[in-house]
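Engineer: Take this structure first; my questions come after.
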Amino acid sequence: MPLPEGIGIVDTMIGFPAEDFAMYDFIREQLKDPSAKFDFPVEYMFKQVPKELYGSHNDPVGLTLNEMDKYGIEIGVIGAGGEVSQKALKSHPDRFVAMGQVDPNKGMEGIRDMVRQHEEFGVRAFGAFNAGYNPQVGISDAKMYPIYAKCVELDVPIFSCAGVPGPRFPMWPQKVELIDQVMYDFPELVFVTRHGCEPWEDLAVKLMLKWPNLYYSTTAFAPKFYPKAIVDYANSRGADKVLYGGYFPMGLSLDRIMSDMQQLPLKDDVWPKFLSENARKLLKLQH
């Protein structure tokens, strides 16, 4: 069924074309196979990565805003780090909201940095990439618990990559089963999975049925490849639990995402929740 108009989409993962691909150096440092030479460490997974955008624009914020406007994306969730993102947050506070980053290997320094990001940029959430930390840290590792506690204290959700990671390093930190213990120990924590939860998407659905504060965002997937279990769940008991998230300009163009979106078989009453309302509720955004 066609994508409805006038929803005021919230994209829970969007960014800006950079000068180069140095932002992925932290991933390449851990890779041991030839993929370490890729510009984009997971480009083997994606067709038509929009690499032509990198290093070719004097106004990356304007470029992203134009893409957002083309497809009715009202608000984009961006990282709080880097000069370009901080400029966007300052210049367009009505269009961009900040997501902070966490590093469990930094101990209390990392916790204090969470507070600084919250105070300086008004971050609405924090993002975690457990397989990407060096050294890696599991979702339910003790090093993560002060981070979860601080998220509860600051009353913001954590968006955490879950499932087999795209970069070619070990997957054990992101096994979906690890989320179960975290939700048990932190019933107040709002936990949103990112990047698919594959191949444990059925388990992700089961855990979302079990835990009221566990959610799923569709980041890093073209809608054509959203897991069937997630689409079925969104169309039934999970209408309030699944949030749209893109992957522009990292691995997908908005042209590709929104073209695929036209064929996504969501029910009429699910579209507004998926594209906007669920994210607005979790991020405390006014409509």
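Rule-based calculations on the coordinates, nothing more; no lab input. Note that the structure is predicted; figures quoted are calculated from it, not measured. Here the Cβ positions follow ideal geometry from the backbone for every residue, glycine too, while neighbour counts run over all protein chains shown.
Engineer: What is the magnitude of the charge dipole of the chain about its Cα centre, with +1 placed on the Cβ of each Lys and Arg, -1 on the Cβ of each Asp and Glu, and no other charges, expressed in debye to the nearest 20?
Structural biologist: Using only the charged Cβ atoms, the result is roughly 380 debye.
Engineer: Would you mind computing, in nm to one decimal, how far apart the modelled labels at LYS267 and LYS37 are, each placed 7 Å from Cα along Cα→Cβ?
Structural biologist: 5.2 nm
Engineer: Once you put a point 7 Å from the Cα of TYR145 and another 7 Å from the Cα of LEU63, both along the Cβ direction, what distance in nm separates them?
Structural biologist: Going from the TYR145 label point to the LEU63 one covers 4.5 nm.
Engineer: Could you order the peptides 29-39, 259-269 from most to least packed, using the average number of other C-beta atoms within 10 Å per residue?
Structural biologist: 259-269, 29-39
Engineer: Right, here's the next one. Just want the ordering: VAL42, VAL205, from fewest to most Cβ atoms lying within 10 Å of their own Cβ.
Structural biologist: VAL42, VAL205
Engineer: Which of SER85, SER217, SER236 comes first, and how do the rest follow, when ranked by fewest Cβ neighbours within 10 Å?
Structural biologist: By the 10 Å Cβ count, ascending, the order reads SER236, SER85, SER217.
Engineer: Please report the net charge: other residues with Cβ closer than 14 Å to the Cβ of VAL61, K and R +1, D and E -1.
Structural biologist: -3
Engineer: Could you check the spin-label model distance between LYS87 and ASP25? Points 7 Å from the Cα along Cα→Cβ, value in nm.
Structural biologist: According to this spin-label approximation, the distance is 2.0 nm.
Engineer: Excluding TYR226 itself, calculate the net charge of residues whose Cβ lies under 12 Å from the Cβ of TYR226, where each Lys or Arg counts +1 and each Asp or Glu counts -1.
Structural biologist: Result for the neighbourhood of TYR226: -2.
Engineer: Could you calculate the contour length gain from LYS228 to GLN101, that is, 0.36 nm times the residue separation minus the distance between their Cα atoms, to one decimal place in nm?
Structural biologist: Gain on extension, LYS228 to GLN101, equals 42.7 nm.
Engineer: What is the distance in Å between the Cα centres of region 225-287 and region 166-210?
Structural biologist: 18 Å
Engineer: Cut-off is 10 Å between beta-carbons; in what order do TYR145, TYR247 appear when sorted fewest neighbours first?
Structural biologist: Least crowded to most crowded, the residues run TYR145, TYR247.
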